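Notes follow the structure.
Any read-out appearing in this document is the output of simple, stated calculations on the displayed coordinates, not a laboratory observation. Since we're looking at a predicted model, the values are computed, not measured. Cβ placement follows ideal geometry from the backbone for every residue including glycine, while neighbour counts extend to all protein chains displayed.
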Amino acid sequence: QVQLVESGGGAVQAGGSLRLSCVASGRTFSSYTMGWFRQAPGKEREFVAGISWAGTSYYADSVKGRFTVSGDNAKKTLALQMNSLKAEDTAAYYCAASKDLRVTRMEYFDSWGQGIQVTVSS
């Protein structure tokens with residue numbers, strides 16, 4: 001497992017942008033599939049975006065064209081650039097790591113950050 005710490009959340013108006021970052025500990029960051037998930041109050045945690053250890057990016061349909069996920073192996077960081085934010089993007093966002101290639105499947109992620117709040121007002 002790796003230790004993950006998120007930063008960059010906050011409050012923004014609809015149409016605005018935020019950038020989330022996740023810093024990982026450990027020496028083998030490049031061999032992990034990394035993902036962003038979110039959980040809104042009263043709802044289940046859901047996949048947002050991620051990068052497999054093979055280098056392929058995936059996005060939930062609800063964020064395609066608005067969010068961009070990127071990784072920096074040298075800095076052991078995962079970022080999520082969120083543009084054109086909507087009120088429905090309001091949630092706690094979690095960074096997660098997996099040794100599996102299945103980026104969108106939450107059950108394969110075994111390392112999780114503590115979560116960070118994103119609030120979008122309309």
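Some points to look at:
- Cβ-based net charge around Thr33, under 9 Å, with every Lys or Arg adding one and every Asp or Glu removing one: +1
- Straight-line reach from Lys99: taking Cα to Cα under 24 Å and skipping same-chain neighbours fewer than 8 places apart, the lysines in range are Lys75, Lys76.
- Selection of GluC sites (Glu not before Pro), segment 1-101, meeting DSSP coil and at most 12 other Cβ within 10 Å: Glu44
- Efficiency of FRET from Cβ geometry, Leu101 and Gln3, R₀ 25 Å, rounded to 0.05: 0.70
- Between the alpha-carbon centres of segment 67-111 and segment 1-16 there is a gap of 10 Å.
- Anchor Lys64: lysines whose Cα lies under 16 Å away (excluding residues fewer than 8 positions away in-chain): Lys86
- Residue-count net charge about Gly115 - beta-carbon cut-off 11 Å; Lys, Arg +1, Asp, Glu -1: +1
- Working note: Karplus 6.51/-1.76/1.60 with θ = phi - 60° gives segment 46-61 the couplings 9, 5, 10, 6, x, 10, 6, 5, 7, x, 8, 9, 9, 9, 5, 4 Hz, where Gly and Pro are set to x.
- Rounded to the nearest Hz, the phi-derived 3J(HN,Hα) couplings of segment 117-122 under the Karplus curve 6.51 cos²θ - 1.76 cosθ + 1.60 (θ = phi - 60°) are 8, 10, 10, 10, 9, 9, where x marks glycine and proline.
- In this simple spin-label approximation, Ala87 and Ala54 carry label points 7 Å from Cα along the Cα→Cβ vector, and these lie 4.1 nm apart.
- Think of the chain as having a plus end and a minus end, set by charges on the Cβ of Lys, Arg, Asp and Glu; of Ala11, Gly26, Asn83, Gly26 sits farthest toward the positive end of this dipole.
- The chain - charge dipole about Cα centre, Lys and Arg +1 at Cβ, Asp and Glu -1, debye rounded to 20: 220 debye
- Once the Cα-Cα distance is subtracted from the 0.36 nm per residue extended length, the Ser25 to Gln39 segment shows a gain of 2.7 nm.
- Label zone at Asp110, where the point sits 7 Å out along the Cα-to-Cβ direction: segment 19-48 residues whose backbone N lies under 17 Å: 25-35
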